[in-house]
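A.B. asks: What follows is a single structure, and I will ask about it in a moment.
The values are calculated or read from the model by the stated rules, or taken from the named source; none is laboratory data. Keep in mind it's a predicted model, so treat the numbers as computed, not measured. For neighbour counting, all protein chains shown are included, and Cβ atoms are generated from backbone atoms with ideal geometry for every residue, glycine included.
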Amino acid sequence: MPSTWRNRLSEKQVDALDTLRMKTPSAAVFRNCTMILMSDAGRSKASIAEDLGCGTATVERVRRLYKTTGILGLKPIKPPGRPSRLSEALREPVLEAVQTDPRTLGYGFTTWSVARLTEHLRRRCRLRASPSTVRRVLAHEQFSLQRPKHTLKGKRDEKAHAKAKKELSGLKKKRSARTQRKRSSSKTKVKSTRTRC
């Protein structure tokens, strides 16, 4: 195959490629559009591959796809694979549990983690699923997976905590007042010693 691009693009094709390139969130589509535009500018496969960090075979494949299918060929197709084994029998209990406050189910925490959700499914729903499977269900349903922030709020007696905090603050004030009195008395002693001399 020749290393140079033989087809010249029309102004309309260049505009369509440039628009797609600038609006796409996909890095692969951006790269593919850039390959075709660089090819139209007369660049060789080797120089395009070097600039974009890919192989010459990739450049050739993208060129061939664009020639045969047009702009649709620049969008990557999901490779075929086996269908998901996640059944509705698993998906529904996961979604129902994750949308329920754990405290209403009798748990002592306020947020679900993947491990807690997996354990809940095993104990209450009698469903065996690995944490990675539960994570995939949540990701597929577009739930945000974040590390929980662990605090004692909701697990402690708030009135007793506020009272203890107030007492601690009072103790700190008493201590700082004593410290300041000691400092001021030591300063006066030093002053009185100096005046005697």
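A.B. asks: Which residue pairs have Cβ atoms under 9 Å apart, sit 6 or more places apart or on different chains, and have a first residue in segment 43-66 that is surrounded by fewer than 15 Cβ atoms within 10 Å (Cβ to Cβ) and a second that is aliphatic (A, V, I, L, M) and in a loop (DSSP other than H, G, I, E, B)?
C.D. replies: Hits for this filter: ARG64/MET1.
A.B. asks: Same structure again: Among (1) among the aromatic types (Phe, Trp, Tyr); (2) touching a Leu at 6+ places or on another chain (Cβ under 8 Å); (3) under 18 Å from PHE143 (Cα atoms), where does TYR66 come up short?
C.D. replies: Evaluating TYR66 over (1) among the aromatic types (Phe, Trp, Tyr); (2) touching a Leu at 6+ places or on another chain (Cβ under 8 Å); (3) under 18 Å from PHE143 (Cα atoms) leaves (3) as the failure.
A.B. asks: Are there helices (runs of 4 or more DSSP H) fully within segment 45-136 with at least 2 residues that are assigned by TED's automatic domain parsing to the domain that holds PHE30 and closer than 30 Å to ASP18 by Cα? List them.
C.D. replies: Counting at least 2 such residues, we get 45-52, 56-69.
A.B. asks: Separate question: Quick check on my filter: what residues within segment 74-106 are surrounded by 15 or more Cβ atoms within 10 Å (Cβ to Cβ) and free of Cβ contacts under 8 Å to residues at least 40 places away in the same chain?
C.D. replies: Residues satisfying the conditions are PRO93, ALA97, PRO102.
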